[in-house]
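Student: The structure is given below, and queries will be raised subsequently.
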Amino acid sequence: MKIVKTIDEVRTQVKEWRTQGLSVGLVPTMGYLHEGHASLIEASKRDNDRTVVSDFVNPIQFAPTEDLESYPRDINRDAQVVEEHGGDLIFNPEPKEMYRDGFVTFVDMSVLTEELCGLSRPTHFRGVCTVVSKLFNIVRPDRAYFGKKDAQQLAVIKRMAEDLNMDIEIIGCPIVRESDGLAKSSRNTYLNEEERRAALVLSKAVFCGINEVKSGQKNCKNILDKMKGIILNEPLAKIDYVKMVDAKTMRQIETLDRNALCAMAVYIGKTRLIDNFFTEDIL
């Protein structure tokens, strides 16, 4: 396993693999890897001959008021995770390598980005689509792996690949949770001990919603009201959104008559956390 910093180095290595007839998987990350990322690397290793892990905190998906500067970074720790779980190459560029002076080209999307996280982070998905499309062009993988915790991001990237005729299979992998249920996230490191306990309201609300769906409840408002009630009972929690949407269009729905995504974003103190479930995964 090796770490490279430039686009040319990635392309040279991938070209060499291609001449050997090897398939290539890509795991795009912003680093500070945890067990969720490790599961993506393992999935890529199972499906492909070689795996590239990008390790890049993408500045253009952060708003000026967000946590770009404080976002956790530790490339040495990340390298150990990648090597232990079977990755072959880490692409760890500097921002100037990805966005050279005079950069003015962006990939944007409507409809799917107008709900959920797109409401409170209006520039976020333009940054995501731009950097992911660049990574796809640099690595040219056969398959790319994303966690279902970032469910809207997964839907957006699948649609981008479809709309722009990208010959890449986009694979969503299950949420990985702590033993007490909290979804794994690099931002969990921001939580103090009290906030860490309070953060469990997200997974408690998710499990409540899952049980409601399994019991046959079809009215989305009834499901969401029960979930919100759990969250609102925690003084440190502030709801950004808790919604039920069509899993393909991200538009809100009132009745469970199709594959749906139940997604939430909740502030615990100053830290914004997300969690979700897809109805197709539980029915």
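The values are calculated or read from the model by the stated rules, or taken from the named source; none is laboratory data. None of the values given here were measured: they were computed from a predicted structure. Here the Cβ is made from the backbone with ideal geometry for all residues, glycine too, and neighbour counts use every protein chain on show. Surface accessibility is based on the protein's heavy atoms, side chains included, excluding ligands, DNA and RNA. Shrake-Rupley method; radii C 1.70, N 1.55, O 1.52, S 1.80 Å.
Student: Mind listing the long-range amide H neighbours of D240? Cut-off is under 5 Å, sequence gap 5 or more, other chains count too, H placed in the peptide plane at 1.01 Å from N.
Tutor: Those qualifying (amide H under 5 Å, at least 5 residues apart or on another chain) are A265, V266, Y267.
Student: Separate question: If I take all pairs of Cα atoms in the chain, what percentage of them are more than 34 Å from each other?
Tutor: 19
Student: Under a 10 Å cutoff between Cα atoms, tell me which one of T271, T12, T123 has the largest fluctuation in the Gaussian network model of the chain.
Tutor: Greatest mean-square fluctuation among the candidates belongs to T12.
Student: Return the tail of the calculated pair distribution for the range 77-221, meaning the percent of Cα-Cα pairs more than 18 Å apart. Intermediate results must be reported in sequence, preceding the final value.
Tutor: On the way: 7343 of 10440 pairs.
The answer is 70 percent, as a whole percent.
Student: Mind listing which trypsin sites (Lys or Arg not before Pro) in the range 123-222 are in a DSSP loop and have 14 or fewer other Cβ atoms within 10 Å?
Tutor: K218
Student: What nm distance separates the two modelled labels at E83 and H34, each placed 7 Å from Cα along Cα→Cβ?
Tutor: 2.4
Student: Right, something else. Say the dipole of the chain comes from +1 at the beta carbon of Lys and Arg and -1 at that of Asp and Glu; which of Y99, Q252, G21 then lies farthest toward its positive end?
Tutor: About the Cα centre, the residue reaching furthest to the positive side is Q252.
Student: A further question follows. Would you kindly state how much longer the chain becomes between S110 and K270 on full extension, computed as 0.36 nm times their sequence separation minus their alpha carbon distance, in nm to one decimal? Can you show the working numbers first?
Tutor: On the way: separation 160, 0.36 × 160 = 57.60 nm, distance 2.85 nm.
Roughly 54.7 nm would be gained on extension.
Student: Averaging over all projection directions, find the projected area of the Cα convex hull of the range 6-78 and quote it in nm² with one decimal place.
Tutor: Working: hull surface 23.4 nm².
Averaging across all directions leaves 5.9 nm² for the Cα convex hull.
Student: With θ set to phi - 60°, apply the Karplus curve 6.51 cos²θ - 1.76 cosθ + 1.60 along the range 222-234 and write out the HN-Hα couplings as whole Hz, x wherever there is a Gly or Pro.
Tutor: 4, 5, 5, 4, 5, 5, 4, x, 5, 5, 5, 6, 9
Student: What distance in nm lies between label points placed 7 Å from Cα along the C-beta direction at E178 and K214?
Tutor: 2.3
Student: Equivalent-ellipsoid semi-axes (√(5λ), Cα gyration tensor) for the range 50-161, whole Å, largest first? Don't skip to the answer; put the middle values down first.
Tutor: Values: eigenvalues 107, 58, 47 Å².
For the range 50-161, the ellipsoid semi-axes come out as 23, 17, 15 Å.
Student: Can you give me the solvent accessible area of S110 with a 1.4 Å probe, rounded to the nearest 10 Å²?
Tutor: For S110, the solvent-accessible surface is approximately 70 Å².
Student: Which part of the range 52-67 falls in the paramagnetic zone of K96, meaning amide N under 19 Å from the point 7 Å along Cα-to-beta-carbon?
Tutor: The answer is 56-60, whose backbone nitrogens lie closer than 19 Å to the label point.
Student: Whole angstrom only: what separates the Cα centroid of the range 12-51 from the Cα centroid of the range 179-247?
Tutor: Computed from Cα coordinates, the inter-centre distance equals 32 Å.
Student: Find how much the distance from E169 to R258 grows on full extension, using 0.36 nm per residue of separation minus their present alpha carbon separation; answer in nm with one decimal.
Tutor: Length gained between E169 and R258: 29.7 nm.
Student: Follow-up question, since we're still on this one. In terms of solvent-accessible area of protein heavy atoms at a 1.4 angstrom probe, what is the ranking of T255, T65, T105, highest value first? Numbers along the way, then the final one.
Tutor: Numbers: T255 70, T65 130, T105 95 Å².
Highest to lowest solvent-accessible surface, that is T65, T105, T255.
Student: In nanometres, what is the gap between the two model label sites at T189 and I282, each 7 Å from Cα along Cα-to-Cβ?
Tutor: Placing both labels 7 Å beyond Cα along the Cβ direction yields 3.1 nm.
Student: Report, in listed order, any pair from K134/K226; K148/K221; K218/K270; K45/K248; K15/K45 with a Cα-Cα distance greater than 30 Å. Each step should come with its number before you reach the end.
Tutor: Details: K134/K226 41 Å; K148/K221 23 Å; K218/K270 34 Å; K45/K248 28 Å; K15/K45 18 Å.
Result: K134/K226; K218/K270 exceed 30 Å.
Student: Would you grab the residues whose amide H sits under 5 Å from the one on S54? Only those 5+ places off in sequence or on another chain, please, with H modelled 1.01 Å from N.
Tutor: Those qualifying (amide H under 5 Å, at least 5 residues apart or on another chain) are V27, T29, F91.
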